[in-house]
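What follows draws every value from the coordinates through simple rules; no lab data is involved. The model shown is predicted, which means the values in this text are computed figures rather than measured ones. When we count neighbours, we look across all protein chains shown, and the Cβ atoms used for this are built from the backbone with ideal geometry, even at glycine.
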């Protein structure tokens, strides 16, 4: 895509999904950039896999990085299993259903494959430099200068840290920020980063009980499994709850021996009727034990520096939304940058970049905070840490409909971000994204439920705190706010209960007519398209 050159140069530290996605976006708009990657190859094999849900795929589609052709078979068959490996919910049509609803299927591939795809999608590959480990930065009035471990240095207008959970850019930004404004960052915020679970993740060759095109969630007491299939391989995660939550520097660095001992302690866990975890682990290609941090940093920027991706927020991997959150960070940053450049087409000042970064964080931080919370709750449920988990496993999950399952899987999709200044390729779907609606839906779901619960509690109190319900309807509660409204209800409904004759018949007929109106109002008010209208109240 040919684009006019814009007077702005971006230094990206980290050839991660966030970093390479941002590079692709900047290239589309003719914004100068360099990517500085610490490893000697752009896509090292570390055994990690990644889920590409529809909201993730939509942004990839916008930048011309169509990843559907990376797999010959989508994950179309999902299983939910109890701790004995028995199937409690079998869902066929997962990927196809998501594609019908949201325009894209869900696919699972190696992280390495996606990094390669993002790199190959770049026209200016000469702007990606390998074996460039960030050491320090110099923040100047009109730009930034970064120095690498090999002694080389690079200058630009802004610095973006896409270098992961243990971001060196974030550490330098905090140090610089505190030297200028001591209250700009919390003291030793890293010490507040919690770690409740650890995870062995890896890849194995296919086993008998795990067919291609399937995914499996296996619940357990204090642990759970997520097993996915991709091109010729099985990707898996064993998440285990720690004996206690650790923080910051107290989070352990695990060894190969730690991994072996933990894996062997779970070898007899049943994954299905054929396989145990021991079968899967002994068939592995690569694996690694890592702590699972879950945290969102309070401030993502200072001066001409900003962090994105895992450097700003770390999600539990169970939800598969870490990569999506990273590419969305890049999208909202580009949106804010282009908006400001449209207002001030010349060279931007430090204050201008502060406005850009503030806007980007504001547009994304509630979204990522929700994704972190959602992933945490998913893990607690799958590890049977939720008090409601046993009941839900027994009575709810086995009775889910396909549509209900799709709605749960795609719950975080419709709120996904996009690049506002690039068209979205046309993909047939019947559920719109929120940014495609003329008015953003109001988030009143929980308010609605809370009001309903309180109303039912009030009616329960009225009905059962006295032997005579009809007598209670006519008694004042001595609550000034409620009494006028309850008196109207009493005057309307009591004749239906207590009287006979014409008045009783008229009142009964009127009540039945009202029920039909209320029923229609409830149905229409719960349609997503009406949630912002008066009909939803």
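Among 329, 382, 163, the order by Cβ neighbours within 10 angstrom, fewest to most, reads 382, 163, 329. Packing-based ranking of 215-224, 80-89 yields 215-224, 80-89, ordered from highest to lowest mean Cβ neighbour count within 10 Å.
Peptide packing for 305-315, 131-141 was compared via the average number of neighbouring C-beta atoms within 10 Å per residue; ordered from the highest value, the list is 305-315, 131-141.
Dividing the Cα radius of gyration of the stretch 193-348 by 2.2 N^0.38 Å, with N the residue count, gives 1.32.
Shape summary of the stretch 152-275, radius of gyration then Dmax from alpha carbon positions: 20.4, 61 Å. Semi-axes of the equivalent ellipsoid of the stretch 186-234 are 33, 14, 8 Å, computed as sqrt(5λ) over the eigenvalues of the C-alpha gyration tensor in descending order.
Modelled spin-label separation between residue 403 and residue 152, with each label point placed 7 Å from Cα along the Cα-to-Cβ direction: 5.7 nm. Each of 430, 247 has some number of other Cβ atoms within 10 Å of its Cβ, and from fewest to most they run 430, 247. Exposure proxy shown here: for 167, 339, 21, the number of other Cβ atoms within 10 Å sets the order, fewest to most, as 339, 167, 21. Please give the residues of the stretch 263-287, grouped as numeric ranges, whose backbone N is less than 20 Å from a label point set 7 Å along the Cα-to-Cβ vector of residue 254. Answer for this model: 263-271, 276-287.
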